[in-house]
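Participant: So that we are looking at the same thing, I have put the structure below in structure tokens.
Nothing in this text is a laboratory measurement; each read-out follows from the coordinates by a stated rule. All figures in this text were calculated on a predicted structure; none of them were measured in a lab. In this analysis, Cβ positions are derived from the backbone assuming ideal geometry, glycine residues included, and neighbour counts consider all displayed protein chains.
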Amino acid sequence: MARRRRGRAIDGWITIDKPAGMTSTHVVNEVRRLLGAAKAGHAGTLDPIATGVLPIALGRATKTIPHLSGRSKSYRFRVRWGEERTTDDIEGEVVSTSDVRPDAASIRAALPRFTGAIDQVPPAFSAVKVAGERAYDLARAKEKVALSARKVNVHRFELVSMPDSDHAEFTVDCGTGTYMRALARDLARALGTMGHIAALRRTRVGPFDEAGAIALDKLRALGHIPPPIAPVETVLDDIPALAVTGAEANRLRSGQPIALLRRADLERLEGLEDGAELCVMAEGRAVALARRDGATVKPVRVLNPGHQGVDDVDHR
């Protein structure tokens, strides 16, 4: 018999405005404790110094985390010129310095080199694995970390302000896997100086943004008042939805495919390629993730077991 998780069955997404000084895992554990949730997980780690949008999946929403992890993100950060640090942010040790301070014109002229599909070497203090070990573990042990460049996509990179000669503030929209610390480091080098991130804030992850985020202090103060929870299907807005009947939903919940053979049924699949991923909906709720196989829809992952008693089913 499977062991039941302790806590309440809460399904959906809550967006936390992460405070500085906490790890993402710490925030997840705190939210789970405050809500009494049986299951929680996050999509997209934020560095301890970073603040901002941290979407947390609750219950069955954890099954949809992969659909959020690859979505675009937005950041706002401040670069401190003149110092390169081991971690490429303010927490690291200074390893090199420069007296060069770039002006606004030079900065704006350099930004196109870091926009679009670019090659980026992750920071030595990152979660990238090297021979099975996390790069940050090797770096902390003072071992030399040689990381390979990887393709990342930077959709927008703009200079926002220059509070003083030592600092500049930027906004970035980017694809998954892009390190702001590496952007700051490489931009500084391209400008003939050194630099690191002095402050970092994430402002958006996919459909979740600052406007819908709640601070941990506010969540603590709510007490027994339910916080805003977004539906499980919130992160599935980028894949086609397929409406099914109650009987069809029950078949999918039990792991069985449904055949759409009648003309009226096939019209629901019009425009979808064979093998296309679908979000199957019934009565306004996401039932399962599925794939088209000809005139058949096969469940991949059940999201809403309903009253079938089938939970945490993965048919991949």
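Participant: What does the highest-first list of 210-219, 76-85, 27-36, 268-277 look like by mean Cβ count within 10 Å?
Facilitator: Most protected by this proxy first, the peptides run 76-85, 27-36, 210-219, 268-277.
Participant: Which one of Ala117, Ala184, Ala43 has the biggest mean-square fluctuation once the chain is modelled by GNM with Cα springs under 10 Å?
Facilitator: Sorting by GNM fluctuation, first place goes to Ala117.
Participant: Oh, and also: Report relative contact order for the chain in percent, whole number only (criteria: Cα-Cα under 8 Å, sequence separation at least 6).
Facilitator: It rounds to 19 percent for the chain.
Participant: Rank the residues Asp237, Asp186 as a footprinting-exposure proxy: fewest other Cβ atoms within 10 Å of their Cβ go first.
Facilitator: Details: Asp237 12, Asp186 20.
Least crowded to most crowded, the residues run Asp237, Asp186.
Participant: How high is the FRET efficiency between Thr25 and Asp238 when r is their beta carbon distance and R₀ equals 25 Å, given to the nearest 0.05? Kindly include the intermediate steps, with their values, before the conclusion.
Facilitator: Working: r = 27 Å, r/R0 = 1.06.
With a Förster radius of 25 Å, E is 0.40.
Participant: Same structure again: List the pairs from Lys39/Lys298; Lys18/Lys73; Lys18/Lys39; Lys73/Lys144; Lys63/Lys218; Lys151/Lys298 whose alpha-carbon separation is above 24 Å, in the order I gave them.
Facilitator: Beyond 24 Å: Lys39/Lys298; Lys73/Lys144; Lys63/Lys218; Lys151/Lys298.
Participant: Return one number: the angle in degrees, 0 to 90 and rounded to the nearest 10, between the long axis of the Cα atoms of helix 24-35 and the longest principal axis of the Cα atoms of the chain.
Facilitator: 40 degrees
Participant: Another question about this same structure. Of the candidates Val172, Val154, Val94, which one comes out as most mobile in a Gaussian network treatment of the chain with C-alpha springs shorter than 10 Å?
Facilitator: Maximum among the listed residues: Val94.
Participant: Ok, one more. For the chain, take the longest principal axis of its alpha carbons; what is the angle in degrees between that and the long axis of helix 180-190, to the nearest 10 within 0 to 90?
Facilitator: Approximately 40 degrees, to the nearest 10.
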